[in-house]
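Note sheet for the following structure.
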Amino acid sequence: MVAKKEPRFFDSKENMTLTKRQSYYNQALVKMVRLGYKKSPSVKKIFDERNLLPSEIKSIKDLERLPLISREELVRLEKENPPFAGFCANDMKTDRIFTSPGPVYEPHLTEKDPIWGRGYYAAGFRKEDIVLNAFSYHMVAAGLTFHSGLRRVGATVIPSGASSTENQVQLARDLGATGYTGTPSFLMAIIKKSEEMGYNFKNDFKVRRASFVAEPLQPSLRERFEKEYGIDTYQMYGATEVGDIAYECQAKNGWHICEEVIVEVVDPATGKQVNPGELGEIVVTRLNPIFFLFRFGTGDLSKLMKERCSCGRTSFRLAGISGRVGEATKVRGMFIAPSQLKLISSRFGDIKLQALVDRIDFKDYLTIKVEAEQEGPEKSRLDHEFENIFKEICTVKIDKLEFIDKGTLTEKDGLIVDRRTWK
Ligand SMILES: [Zn+2]
C-alpha cells in the first residue's frame with residue numbers, strides 16, 4: 001500500500017493562479033460589500049455619505065474610495081455606538097465575542113473558520129505535535145484563536161496560557177511538548193527557567209518547532225533558537241480586530257497574506273495604495289459575513305512583495321514590519337522608518353548613522369551622516385556599497401552622504417531628524 005502523501009499546502013487556495021486569485025478576491029469583496037450595506041447601519045452610512053453605491057466597489061483598487069478605520073477610531077466608534085459600532089447586523093449570530101484594551105469588542109467567526117491554521121500548517125505543525133500555547137485564554141482573542149488554528153492542523157494543544165515559566169517548563173517536560181506558540185521572549189524565559197532548574201533544554205526537551213506572534217522576532221534571537229536549541233522558528237502576523245493576516249513559510253522570506261483577508265499597503269495620509277516594494281501602512285479587510293469592518297488600519301508599516309515565493313504559494317507577501325506609522329518620516333513620497341536605518345546599520349557592523357531631512361527649493365533633500373574611520377577596509381566598503389544598500393532598503397536615493405568622526409553621534413541625536421518647515 002502506498003502511504004498517502006501529505007498535501008503541500010493547507011488547502012488549494014494557496015496555489016491558485018493569479019487570475020483565479022484576483023477573481024476570487026473581487027467576488028468575495030463584492031459579496032461582503034453588498035451584505036454589509038444591507039445589514040450594517042454604519043457601512044450604509046459610510047457609503048451614503050460618499051454618494052457611493054455598493055455596486056461601485058468591484059475590486060481591491062476600488063476600496064480606496066472608503067475611509068481607513070484605525071484602532072483608535074474603532075474604539076471611539078464603539079464607545080459612541082456600543083458594542084460593535086453598528087458594523088454588525090442586528091441579527092448577527094456568532095460563537096464568541098472577545099475584547100481587547102480600549103475596550104474594543106470583537107465578534108469572531110465560528111470555530112470552523114481556518115483562522116491561524118494556514119500559519120501553523122506552513123510552519124510544519126501536524127497531528128503528531130503536542131503544542132504549548134502560551135497565550136492568554138482570558139477575554140482576549142489570542143489563546144482561543146491560536147488554539148483553533150493548532151486544532152485545524154490536528155495538533156494536540158496544551159492550553160498553558162499565562163502560567164508561570166516554571167509551570168510551562170513542567171508541562172513541556174512531563175507532556176513531551178514538541179512545539180511552542182507564544183512570544184519569542186517568553187520562550188526564551190522558559191528556556192532560561194529550565195536551565196535554572198538544572199535541565200539542558202536541547203537534550204531534555206522535545207520542543208523542535210515554534211511559531212511566534214505578537215512580538216517582533218529579532219534575527220539574533222532567531223539564530224539562538226535555531227542553532228543553540230535546535231528549534232525551527234516561524235512568524236505569524238495578525239491583529240485582534242481582524243484575525244490572522246500573514247504567515248511565514250519555510251522559505252522564511254516575507255509573510256504570505258492569508259486567503260481570508262484583503263491586504264492593502266497604503267499611504268496613511270491619503271489612504272491610496274502604494275506600489276509594491278514601497279513602504280506604507282498595512283490595511284486589512286477580513287472577508288466575512290458578520291463583522292463588516294472595511295479597511296482596518298493596523299498602524300504597522302510594511303512593503304508588499306508580488307514576486308513568486310519558492311514554496312509554491314501564489315499569495316503576495318508582506319516584507320515583515322518596519323515599525324509604526326507615527327515613527328516614519330516621508331521623504332519624496334517614500335517612508336523612511338527607524339527600523340530600516342537600524343537594518344542598514346547592522347549590514348555594516350552596527351555603525352552609527354543619522355538621517356536628516358531638509359526642504360531645499362521646494363524639494364526634499366536627504367542627508368545621511370555615517371560615523372566612519374577616514375580610511376581602511378570598512379571605509380572602502382562604505383564608499384562602495386552604502387548608497388546602494390540604502391536605496392535597496394529605503395527605496396529613496398541619498399542626496400548627500402557625509403562621513404563623520406566616530407563618537408560624534410549620541411543617543412539623543414535621534415535616527416531621523418526632520419528639519420523641514422512648511423511655510
Ligand atoms: Zn512561501
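The values are calculated or read from the model by the stated rules, or taken from the named source; none is laboratory data. Remember, it's a predicted structure, so these values are computed and weren't measured experimentally. With ideal geometry, Cβ positions are generated from the backbone for all residues, glycine too; neighbour counts draw on all protein chains shown. Please note that ligands, DNA and RNA were not included when accessible areas were found on the heavy atoms of the full protein model with its side chains. Shrake-Rupley method; radii C 1.70, N 1.55, O 1.52, S 1.80 Å.
Some notes on this structure:
Residue-by-condition table, conditions (1) in a strand (DSSP E or B); (2) free of Cβ contacts under 8 Å to residues at least 40 places away in the same chain:
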| position | (1), (2) |
| --- | --- |
| Phe335 | yes, no |
| Leu343 | no, no |
| Gly349 | no, yes |
| Ala355 | yes, no |
| Arg359 | yes, no |
| Tyr365 | yes, yes |
| Val370 | yes, yes |
| Glu373 | no, yes |
| Glu378 | no, yes |
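- Taking the stretch 110-215 and the helices (runs of 4 or more DSSP H) fully enclosed by it, the elements with 2 or more residues that are closer than 22 Å to Pro7 by Cβ, away from the ligand (no atom under 16 Å from the Cβ) and of a type in the set (Gly, Ala, Ser) are at 142-152.
- Per the conditions (1) within 16 Å of the ligand (Cβ to nearest atom); (2) part of a loop (DSSP other than H, G, I, E, B), the sole criterion not satisfied by Pro289 is (1).
- Meets criteria (under 25 Å from Ser310 (Cα atoms), at pLDDT 95 or above, crowded, with 22+ Cβ neighbours inside 10 Å and touching a helix residue (DSSP H, G or I) at 6+ places or on another chain (Cβ under 7 Å)) for Ala122: no
- If the condition is being in contact with a strand residue (DSSP E or B) (Cβ under 8 Å, 6 or more places away or on another chain) and of a type in the set (Lys, Arg), then the stretch 340-384 contributes Lys352, Arg359, Lys369, Lys379.
- The stretch 163-174: number of residues that are closer than 25 Å to Gly124 by Cα and surrounded by fewer than 15 Cβ atoms within 10 Å (Cβ to Cβ): 1
- A residue that is under 17 Å from Thr233 (Cα atoms), open to solvent by less than 20 Å² (accessible area, probe 1.4 Å) and out of contact with any helix residue (DSSP H, G or I) (no Cβ under 7 Å at 6 or more places or on another chain) occurs nowhere in the stretch 190-208.
- Subset of the stretch 292-323 [touching a strand residue (DSSP E or B) at 6+ places or on another chain (Cβ under 7 Å), in a loop (DSSP other than H, G, I, E, B) and within 15 Å of the ligand (Cβ to nearest atom)]: Cys309, Arg313, Ser315, Phe316, Ala319, Gly320
- Given (1) over 20 Å from Gly254 (Cα atoms); (2) open to solvent by less than 40 Å² (accessible area, probe 1.4 Å), number of the condition Ile344 does not satisfy: (1)
- Long-range neighbours under 7 Å by Cβ, at least six apart or interchain, first residue open to solvent by less than 60 Å² (accessible area, probe 1.4 Å) within the stretch 315-332, second assigned to a helix (DSSP H, G or I): Ser315/Glu14; Ser322/Ser339; Ser322/Gln340; Gly323/Pro338; Gly323/Ser339
- Scanning the stretch 33-49 for residues that are closer than 19 Å to Leu74 by Cα and either among the aliphatic types (A, V, I, L, M) or open to solvent by 100 Å² or more (accessible area, probe 1.4 Å) (or both) turns up Val33, Val43, Lys45, Ile46, Glu49.
- Test for Ile416: is it surrounded by 14 or more Cβ atoms within 10 Å (Cβ to Cβ) and at pLDDT 95 or above: no
- The residue that is nearest to Val43 (Cα to Cα), counting only those in the stretch 55-102 that are open to solvent by 90 Å² or more (accessible area, probe 1.4 Å) and part of a helix (DSSP H, G or I), is Arg65.
- Filter result for Lys379 (more than 28 Å from Ala319 (Cβ to Cβ), open to solvent by 50 Å² or more (accessible area, probe 1.4 Å) and either among the basic types (Lys, Arg) or touching a Pro at 6+ places or on another chain (Cβ under 9 Å) (or both)): no
- Qualifying residue in the stretch 292-299 (condition: at pLDDT 95 or above, charged (D, E, K, R) and open to solvent by less than 10 Å² (accessible area, probe 1.4 Å)): yes
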